[in-house]
Structure formats: structure tokens, C-alpha cells
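As C-alpha cells, the structure follows; a few thoughts come after it.
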Amino acid sequence: MTAGVEITGLSKRFAIHGRTVQVLDGLDFTQRDGITVILGASGCGKTTLLRLVAGMETPDAGTIRMTGTGRIGMVFQEPRLMPWLTAAQNIRFGQRAGRCDVEHLLDLTGLAGFGDALPHQLSGGMQHRVALARALAHSPALVLMDEPFAGLDALTREAMQDQLLELHRAMAMNVLFVTHSLDEALYLGDRIVVLDGGRLDADHDVPRLPGPRTREPDLELTRTIRSTIQKDTPC
Amino acid sequence: MSAFLRGVLVTAAVVAVWWLLTALELWSAYVLPSPARVWSSAVEMTASGELPGHVVTSFGRVLVGFAVAFGLAFAFAVVALVLPGLDGFLQPLLGFLRNVPPLSLIPLLILWFGIDETGKLVVIVLTAFFPMYMNISKGLRSCSPQLLDVGTSVQLSGAGKFFLIRVPHALPDILVGMRISLGFAWRALVGAEMLAAASGLGYLINDAQQMSRSDRVIVGILAIGIVGVATDRLFARAVRGRLRWGIDDSWS
């Protein structure tokens with residue numbers, strides 16, 4: 001069971017210090033199956049787009065329609081764990097008792113044996129795993145991820161990326177993944193869309209050879225996307 | 001040296017100085033009764049059930065007043081959070097009451113309610129209300145929007161976010177307010193009892209003063225201090241077991 005999202009004419013502006021900033025400006029986008037990466041410079045509206053899809057903001061114009069069935073899960077840039085709850089309680093957060101198999105999720109995210117630890121007793125990478133498990137606890141059909149690995153060191157980040165790919169293979173879900181890292185986008189994405197000026201600027205399918213993914217990206221695609229990003233001035 | 005041992009040492013030193021001053025007979029036994037005299041009065045008052053009776057009466061008043069004040073403080077803090085417009089109307093009145101010492105109301109309270117329980121209850125409630133109200137209000141308002149977003153992402157209702165995120169997040173502030181209020185309530189109660197009561201530790205002290213029994217006055221003062229410290233310690237101990245994240249050190 002997977003779900004997607006169909007966005008048409010989406011606009012959102014914010015008033016910051018009396019100045020109006022048009023963050024999204026008539027954005028059209030349709031999620032397809034797999035991992036879609038939204039790439040763009042900082043401040044381009046990537047997070048706003050995810051918050052709109054998650055229902056945490058209301059659009060000024062346009063529509064967001066969920067396609068398919070199932071729930072939406074969200075993983076934030078910071079783990080955002082409840083500091084007074086254990087790892088297991090954080091994973092179960094917001095669920096009725098017995099609705100999710102916490103032990104299985106702890107296993108799946110490499111946290112077996114750490115269910116009773118409080119967040120401050122866990123490393124940064126482990127806290128991110130708990131946050132990921134919490135999003136998966138709802139058996140989401142679509143997972144929104146807002147630069148979830150940006151604050152991690154390089155080795156932990158790579159481990160988390162592999163973990164995500166594994167989980168994506170194991171569970172039937174689509175992923176909408178926001179990042180400003182081109183390397184991350186090329187490694188994780190089945191499709192990469194570039195956000196600029198409040199709209200989608202480019203849309204690339206990432207060709208995948210059968211077998212495990214490599215971290216050596218398709219050079220031609222890298223050059224194409226890089227030139228798209230470089231020609232745009234940061235918003 | 002353990003904290004307990006240090007406490008015992010300081011107490012022993014104070015009692016030793018006290019004993020020395022009375023042994024030198026610098027003042028009459030009425031002005032400063034000896035530790036032995038105070039001790040024998042304390043034993044006698046405890047054995048007769050007089051002292052425990054006054055302690056229980058005073059403590060009961062504090063508990064009732066404290067519970068009412070907590071209910072009101074929580075309700076007003078929730079109003080301040082949910083209805084900031086209404087809170088704007090309440091703030092001038094609350095600000096006024098906060099700056100009026102409740103003991104100054106006693107003449108009016110005696111006039112209105114006599115010397116029965118209501119007047120003392122009003123004094124305790126007014127004294128205990130503000131530290132709790134301000135801390136609970138601050139705690140509920142300062143909840144991290146990032147954590148509230150998590151509530152939205154797991155589809156919690158408004159009430160779910162309030163009880164599962166806002167209240168636990170505010171718990172350290174709520175408990176600090178409760179601890180301060182408990183001490184305030186205890187102190188205000190004794191004042192109220194000294195002016196208008198027929199029982200309780202404040203009454204005991206006032207009565208002893210009128211009978212020129214300084215030894216009984218000191219027994220009353222010691223009882224107030226000991227019960228106050230014991231209550232605070234018990235509260236701190238109960239809280240330490242509950243707060244598992246980060247503020248342990250401030251709850252010694």
C-alpha cells in the first residue's frame with residue numbers, strides 16, 4: 001500500500017519583518033512510486049513544501065491531493081524526540097497501545113536492546129534512528145523526510161542512507177526526501193526534482209542498474225543537475 | 001563529609017552556642033530559655049498530643065489551600081494559553097493581587113468570615129497561587145514548537161498535543177512552582193493563624209507568648225521549621241523519581 005501526492009498551483013508566502021517573501025509560487029508536482037528527492041539551495045522552500053504536504057501549514061493558493069491510501073509519516077531534520085520518554089516510548093508516541101511492534105522496529109533500525117534508553121543517553125545517530133522508527137511505526141504509505149541526515153557526521157550519514165534504502169525495500173512506502181546535498185540526492189533518489197524560485201525547475205529520473213547501489217554517481221546526470229543549480233541564483 | 005553530617009554539625013554548634021549563652025545567664029530564662037527547658041516542654045507537649053494536634057491542623061490547612069491554589073493556577077494558566085484575549089482582561093487584576101501581601105487582608109477576612117477556616121484558606125490560596133500560576137503559565141507557553149510539530153505528524157488532536165507534549169514538557173516548571181508555593185503557603189498559614197485562629201502552630205505560638213512561655217514559643221518555631229523542611233524534602237524526593245531528564249541537580 002503506497003500513497004503519493006498531487007500538487008497543483010501551490011503558493012505560500014510569509015511575512016518576515018514586514019517584508020513578504022514568496023516561498024512557493026504556483027508549484028506543480030506529482031509524486032511517483034519510489035524515492036523522490038527534492039533538491040535545492042537553502043531557503044528555496046523545500047521545508048515549507050513538506051510542511052504543507054504534512055498539514056503543518058496552510059497554502060495561500062493551490063491544492064494538495066493525496067493519492068492512494070494510507071498514512072503519512074514525517075522525519076524532521078533534528079530527531080525531535082520527547083526527552084522524557086524512552087526510545088521505545090518515543091517510537092510508540094501517538095499510537096494506541098499495542099498498535100505497533102516496537103521490538104521489530106528497534107530491530108529494523110539497529111536499536112535492539114536500546115528500547116529503555118532515554119534520548120540523552122543515545123548518540124546523535126541513534127536518536128535519528130529512533131525518529132525514523134517513530135515515523136515507520138504508523139506503517140506510513142508515504143514518508144516525508146526533511147534533510148533528516150544533515151546534522152550527522154559523514155560515516156553515520158552514509159549508514160543512515162543505506163538503512164533508509166533497506167527499509168524502503170522492506171516496506172511498501174514512497175518517500176519524499178528533501179536535501180541540499182547533490183551526492184545524497186544521486187545516491188538515494190529514483191527521481192530528482194530541483195526546486196527554485198518557488199517552482200520545480202528540473203525533473204530527472206535516475207537510471208538504476210540492477211544490484212546494489214554504488215556511491216559513484218552518473219557523471220552526466222551530476223553535471224546536468226549541477227549546471228541547473230549553478231545557473232540559478234540562491235533564493 | 002556527607003550533607004547530612006554537615007547539617008548535624010551546624011545544628012550541634014548552634015545548640016552549643018545557645019546552651020553556652022543560657023549557662024552564662026546573660027539574660028533571664030524568660031528572654032532566652034535553655035535548650036533543656038525547651039526540650040522538656042517539647043517532650044511534654046508531644047506526649048500530651050498537643051503539639052502533634054497543632055501540626056496536623058496546620059498541615060491539613062496547607063494541603064487544602066495548596067490543592068485549591070493548584071487547581072486555580074492550572075486553570076488560569078490554561079486560559080492564558082488558549083484565550084490570550086481574555087487573559088489580557090485578567091492580567092491587571094492578577095497583577096494587583098500579586099502585589100498585595102495576603103496577610104494584609106486579614107482584618108477584612110476576619111470581618112467577613114470570622115476566625116473559622118475560610119479566612120485562612122483564602123490567605124493560603126492567595127499566597128500559593130501566584131508562584132504556581134506564573135511557573136505553570138511559563139511552562140505551558142514555552143513548549144517547543146518543534147515537538148508540537150511531531151504531535152501533528154503523528155496525527156494527535158489538540159487535546160492529545162496538550163496532554164502528551166505540552167504538559168510533560170512543562171512539568172519541570174510546574175514542579176518548581178509547586179515547590180515554591182508549598183513553602184510560601186506554609187509561611188503564610190502560620191502568620192494567618194497567629195492573628196486569627198483557635199488551633200494550629202501559629203495559634204500555639206501566639207498563645208504561648210500571651211502566657212509568657214518563651215520555651216513553648218521556641219517549640220512552636222522549631223516545629224514549623226522542621227515540618228517545613230520535611231515537607232520540602234519529601235516533595236523534592238518524590239519529584240526526583242519522576243523527572244528523568246536533565247534537571248535532577250536542581251532538586252537537591
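The values are calculated or read from the model by the stated rules, or taken from the named source; none is laboratory data. Predicted model, so just to flag it, every value in this text is computed and none were measured. With ideal geometry, Cβ positions are generated from the backbone for all residues, glycine too; neighbour counts draw on all protein chains shown.
Tabulated values for the structure
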{"quantity": "Residues satisfying the stated conditions in the stretch A:169-183, i.e. farther than 21 Å from A:Leu108 by Cα and at pLDDT 90 or above", "calculated": "A:Val178, A:Thr179"}
{"quantity": "Residue match in the stretch A:144-154 (condition: more than 14 Å from chain B (Cβ to nearest Cβ) and assigned to a strand (DSSP E or B))", "calculated": "no"}
{"quantity": "Exclusive hit being more than 29 Å from B:Val227 (Cα to Cα), buried (at least 21 other Cβ atoms within 10 Å of the Cβ) and of a type in the set (Ser, Thr, Tyr), set B:Ser153, B:Ser142, B:Ser157", "calculated": "B:Ser153"}
{"quantity": "Any chance A:Thr69 is surrounded by fewer than 22 Cβ atoms within 10 Å (Cβ to Cβ), β-branched (Val, Ile, Thr) and either out of contact with any Gly (no Cβ under 6 Å at 6 or more places or on another chain) or more than 11 Å from every other protein chain (Cβ to nearest Cβ) (or both)", "calculated": "yes"}
{"quantity": "Residue that is farthest from B:Tyr203 (Cα to Cα) [pool: residues in the stretch B:135-192 that are within 14 Å of chain A (Cβ to nearest Cβ) and within 15 Å of the chain's Cα centre (by Cα)]", "calculated": "B:Ile174"}
{"quantity": "Residue match in the stretch A:105-118 (condition: within 14 Å of another protein chain (Cβ to nearest Cβ), modelled with pLDDT of 90 or more and surrounded by 14 or more Cβ atoms within 10 Å (Cβ to Cβ))", "calculated": "yes"}
{"quantity": "Qualifying residues in the stretch B:179-229 (those that are among the β-branched types (Val, Ile, Thr) and under 23 Å from B:Phe130 (Cα atoms)) - the one modelled with the lowest pLDDT", "calculated": "B:Val190"}
{"quantity": "Number of the condition not met by B:Ala128 [criteria: (1) more than 14 Å from chain A (Cβ to nearest Cβ); (2) within 30 Å of A:Ala54 (Cβ to Cβ); (3) surrounded by 21 or more Cβ atoms within 10 Å (Cβ to Cβ)]", "calculated": "(2)"}
{"quantity": "Test: residue in the stretch A:159-173 that is within 14 Å of chain B (Cβ to nearest Cβ), within 28 Å of A:Ala88 (Cβ to Cβ) and surrounded by fewer than 21 Cβ atoms within 10 Å (Cβ to Cβ)", "calculated": "no"}
{"quantity": "Failed item, numbered, when A:Thr47 is tested on (1) part of a strand (DSSP E or B); (2) among the β-branched types (Val, Ile, Thr); (3) closer than 28 Å to A:Ile229 by Cβ", "calculated": "(1)"}
{"quantity": "Helices (runs of 4 or more DSSP H) completely within the stretch B:95-198 that count 1 or more residues being in contact (Cβ under 8 Å) with a residue 12 or more places away in the chain and under 26 Å from B:Arg237 (Cβ atoms)", "calculated": "B:117-141, B:167-195"}
{"quantity": "Selected residue (only one of A:Gly40, A:Gly62 is modelled with pLDDT under 90 and either of a type outside the set (S, T, N, Q) or surrounded by fewer than 20 Cβ atoms within 10 Å (Cβ to Cβ) (or both))", "calculated": "A:Gly40"}
{"quantity": "Selected residue (criterion: farthest from the other protein chains (Cβ to nearest Cβ)) from residues of the stretch A:134-143 that are part of a loop (DSSP other than H, G, I, E, B) and buried (at least 17 other Cβ atoms within 10 Å of the Cβ)", "calculated": "A:Ala141"}
{"quantity": "Pairs where the first residue, in the stretch A:210-235, is in the same structural domain as A:Asp183 (by TED's automatic domain parsing) and over 30 Å from A:Val23 (Cβ atoms) and the second is buried (at least 16 other Cβ atoms within 10 Å of the Cβ) and at pLDDT below 75, C-beta under 7 Å, 6+ apart", "calculated": "none"}
